[in-house]
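The values are calculated or read from the model by the stated rules, or taken from the named source; none is laboratory data. Keep in mind that what you see is a predicted model, and the values were worked out from it rather than measured. Cβ: placed from backbone, ideal geometry, glycine included. Neighbour counts: every protein chain shown. Note: accessible area is taken over every heavy atom of the protein model, side chains too, but ligands, DNA and RNA are not part of it. Shrake-Rupley method; radii C 1.70, N 1.55, O 1.52, S 1.80 Å.
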Amino acid sequence: MELSIPNINGMLLGPFRLAVLGIGFFILYRWVTKKPLVQTDLDWAFVNLSRYMSILIVVLFCLVFLKAYDLFTIFFLFMVFLGLKYLDLKNYKNLNRRLSRKKMPFLVAFFDFIEKKPGKEKLWEERKPFWKASKNYIVLVLALVGALTFLSRYLFLKYDLYTLSGLWLKDLERVKSIDQGIFVANDLFVRGEPILIDFYAKITGISQEVALSSFGLLEHVGLVLMLYWLIGKLSGSKLVLPLFAVGLFAIGYGFLPLNINLLHKHNPEFLALIMAIPLMYFSAGKPTVLPKGVSLFGFVLPVGIAICATSIFIGFIIMPLFLLLLAIIRVTPIERLGRITKAYALGLVSVVVLYGFMSWFKGYVFLDFLLTNLIQVNTYTYFPQLAVTLDELLLYYDWMGWLGILLLLPLFFRDKGKWGAILAFMLFTAILLMLRNIDWPWFDNDILMQCLPWFLVLQLVLFLRVLGSCLEIVFAPLSSYKKSLRLSLLSLILVGVLLFNGSTEYSLKEKEPLKKELLKAYGTLSMGNLPYSYGVVNQGYGLTLAKGSHHYMGYAEFLDTYPKRDALYQAIKDDKNYLRAHPKSALPPSIFVFVSKPDASISEYGLVTPPEVREGIGELLRNLRKKGRHIETFFEDENLQVYEIVNKEDSSDLNALIFNL
């Protein structure tokens, strides 16, 4: 059966399905809780995103540890969560009375819906409690911002060095180990991000390979949305400054130390920052951001555990350093900051105890575990797209940051409540730039450089905010034109960034195009065929891809042994008793042979089929066809062709198995 290449790329399909699931969850959540829409603003959305993502990671951690991690358990816990939200249980006092009070309205509403069967007009009227026209533009802006960031990163797929590299294969092995219920891995890497990647693959119905390659794009989208929210909270600007910030982060490659070749790589530091940013603002800003009904301890503890379980660098260095800075500059009431610090410290200690036990169980020294997660030997800093050298660029940001802090100090002493959080974030970014010069064997500058771009954009926009306030004081008579002047200046900066990017992209060298075709083919195989009902013939990298999914055979083994195995199988395939007694003599129902085409470019990762192997495979397949074997083209693209040897009809393809029941 020849398969046509799907029109929707798997890298796009997963995020699209996740967005649809997110919208569905929001609608269901609002319907169950029946809370006024006025509570649904950006504060509610982003703080709860951090909170529920943290709780999700903690729950998935526990499920993997208890070997209860599967879709059925996750769905069951989700229904329990909705039930608790519907009952609005904050404690278990008077539980029977509360259940009785909820039971009657629910039954009346349910049977009323069944009997009346409201039409479209009625349902349209009932949508009003869940929607508000005055907030529509914010939803649209956030959607456009997320889409712009995703597409700007996705377009650099042709320059990607990560996918199907040795590092990618190791990361895939970690994700597959989660799916296999392995909680304690031999490499002792933190497990927060691999767990979430596997969960993302499960709920969106995409392969683990595609999920691993697209998860980094989702992290960039999450960071840019958090940037939009935080800039709005700190600056007081609802649209102009947040849009400028996210525009710069999304397309300002010439002015940010972003590694173009690794944009598609997932990053545990990014994921940890997404959860940490609301906590950082909550620690330095106003307490009203915390959702109603959520205690301080109940918010900070799961977020702290999830951050530390996702990134040792963010959890053990960045967050404690930020809390220490807040204690020094005293922009937060000391009693409240003390409670936050105690709750976060408890989460950090919980993760230390967990990984200390894991280290002891595997026979590792705990300090070795910390060093493994604090030093990344597979990451490098290479930024050919920068407008100036890296040292010059960071020096400009450093000068700008300290100038902004000096301008901010008079404003801060006039109104600490308004400018305290801005001072905290500007000082913290300046400290991060200073840390780059520290020569400490346990501090990895490469990891710091991955986190810096987000903070540099934040620093730049806050500097513009402070500078604008100072100019308003100096040029008070021109205050009526301030909005027009701000918009014009920011627009000119963004146009300059776009023009620079247009001239920079052509200097980048396109990487191996065969990788995305291989990823597409493997994604099609894993999603369309029953696990271990098929085998794959490929280069050595295919061994890692095969774990937990299918059988694997190298090119040499295929050319040397397959003709004999095929002859034996054809002789015994109808003898079920013999096959039960000698299962190794059986062949998988389908064998998929991956062969790159002759004009495929040479790959440094060993993805291209050697010419002599390609010729040998062609001759072997021709001989098999002469013997009457069923061989067809399963997948074909510009650089790749995948042949399917069908040993048993309709025994591997999931659609065929379902419709032939």
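Filtered by the rule that a residue be closer than 15 Å to Asp566 by Cα and open to solvent by 70 Å² or more (accessible area, probe 1.4 Å), region 631-649 gives a lone residue, Lys648. Taking region 335-364 as the range and being over 16 Å from Val300 (Cα atoms) and either acidic (Asp, Glu) or in a helix (DSSP H, G or I) (or both) as the test, the residues that pass are Val352, Val353, Leu354, Tyr355, Gly356, Phe357, Met358, Ser359, Trp360, Phe361, Lys362. Given the condition at pLDDT 65 or above and open to solvent by 60 Å² or more (accessible area, probe 1.4 Å), answer yes or no: does some residue in region 121-138 qualify? Yes, there is a match, as at least one residue in region 121-138 is at pLDDT 65 or above and open to solvent by 60 Å² or more (accessible area, probe 1.4 Å). For region 491-587, the helices (runs of 4 or more DSSP H) that sit wholly inside it and include 1 or more residues that are among the aliphatic types (A, V, I, L, M), over 24 Å from Leu607 (Cβ atoms) and at pLDDT 85 or above are 555-572. Mind checking which residues of region 334-365 are modelled with pLDDT under 85, surrounded by fewer than 16 Cβ atoms within 10 Å (Cβ to Cβ) and at negative phi? Within region 334-365, Gly356, Phe357, Trp360, Phe361, Lys362, Val365 meet the criteria. Summed over region 546-568, the residues that are without any contact (Cβ under 8 Å) to a residue 24 or more places away in the chain and open to solvent by less than 20 Å² (accessible area, probe 1.4 Å) give a count of 2.
Here the condition is being open to solvent by 20 Å² or more (accessible area, probe 1.4 Å), in contact (Cβ under 8 Å) with a residue 40 or more places away in the chain, assigned by the TED database to the domain that holds Ile318 and not small (Gly, Ala, Ser); of Phe383, Phe369, it holds for Phe383 alone. Scanning region 224-249 for residues that are crowded, with 24+ Cβ neighbours inside 10 Å and under 22 Å from Leu157 (Cβ atoms) yields Val224, Val246, Phe249.
Within region 650-661, the set of residues being surrounded by fewer than 13 Cβ atoms within 10 Å (Cβ to Cβ) and either modelled with pLDDT of 80 or more or of a type in the set (D, E, K, R) (or both) is empty. Scanning region 569-587 for any residue that is in contact (Cβ under 8 Å) with a residue 60 or more places away in the chain, surrounded by 18 or more Cβ atoms within 10 Å (Cβ to Cβ) and under 22 Å from Ser526 (Cβ atoms) turns up at least one such residue.
Working only within region 151-165, note down all residues that are in a helix (DSSP H, G or I) and of a type outside the set (Gly, Ala, Ser). Within region 151-165, Leu151, Arg153, Tyr154, Leu155, Phe156, Leu157, Lys158, Tyr159 meet the criteria. Here Leu411 passes the criteria (1) in contact with a Phe, Trp or Tyr (Cβ under 6 Å, 6 or more places away or on another chain); (2) aliphatic (A, V, I, L, M); (3) buried (at least 19 other Cβ atoms within 10 Å of the Cβ) except the one numbered (3). The residue that is farthest from Ile206 (Cα to Cα), counting only those in region 524-545 that are polar (S, T, N, Q) and open to solvent by 20 Å² or more (accessible area, probe 1.4 Å), is Gln539. Would you say Ile329 is within 21 Å of Met426 (Cα to Cα) and open to solvent by 30 Å² or more (accessible area, probe 1.4 Å)? In short, yes. Determine, yes or no, whether Glu612 is open to solvent by 50 Å² or more (accessible area, probe 1.4 Å), assigned to a helix (DSSP H, G or I) and not β-branched (Val, Ile, Thr). Yes, satisfied.
Scanning region 429-446 for residues that are open to solvent by 20 Å² or more (accessible area, probe 1.4 Å) and at pLDDT 85 or above turns up Ile431, Met434, Leu435.
For first residues located in region 329-341 and in the same structural domain as Gly285 (by the TED database), partners that are among the aromatic types (Phe, Trp, Tyr) and surrounded by fewer than 13 Cβ atoms within 10 Å (Cβ to Cβ) and lie 6+ apart or on another chain with Cβ distances below 6 Å do not occur. The test for being within 31 Å of the chain's Cα centre (by Cα), open to solvent by 50 Å² or more (accessible area, probe 1.4 Å) and under 28 Å from Ile260 (Cβ atoms) holds for Asp391. For region 56-78, how many residues are over 16 Å from Gly22 (Cα atoms), in a helix (DSSP H, G or I) and touching a residue at least 24 places away in the same chain (Cβ under 8 Å)? Adding up the residues that qualify gives 7. If the requirement is being open to solvent by 90 Å² or more (accessible area, probe 1.4 Å) and modelled with pLDDT under 65, which of these qualifies: Lys117, Lys35, Lys102, Lys67? Only one candidate qualifies: Lys117. A single entry from Phe297, Phe282, Phe255 fulfils the requirement of being open to solvent by 10 Å² or more (accessible area, probe 1.4 Å) and either touching a Ser or Thr at 6+ places or on another chain (Cβ under 6 Å) or closer than 29 Å to Leu370 by Cα (or both): Phe297.
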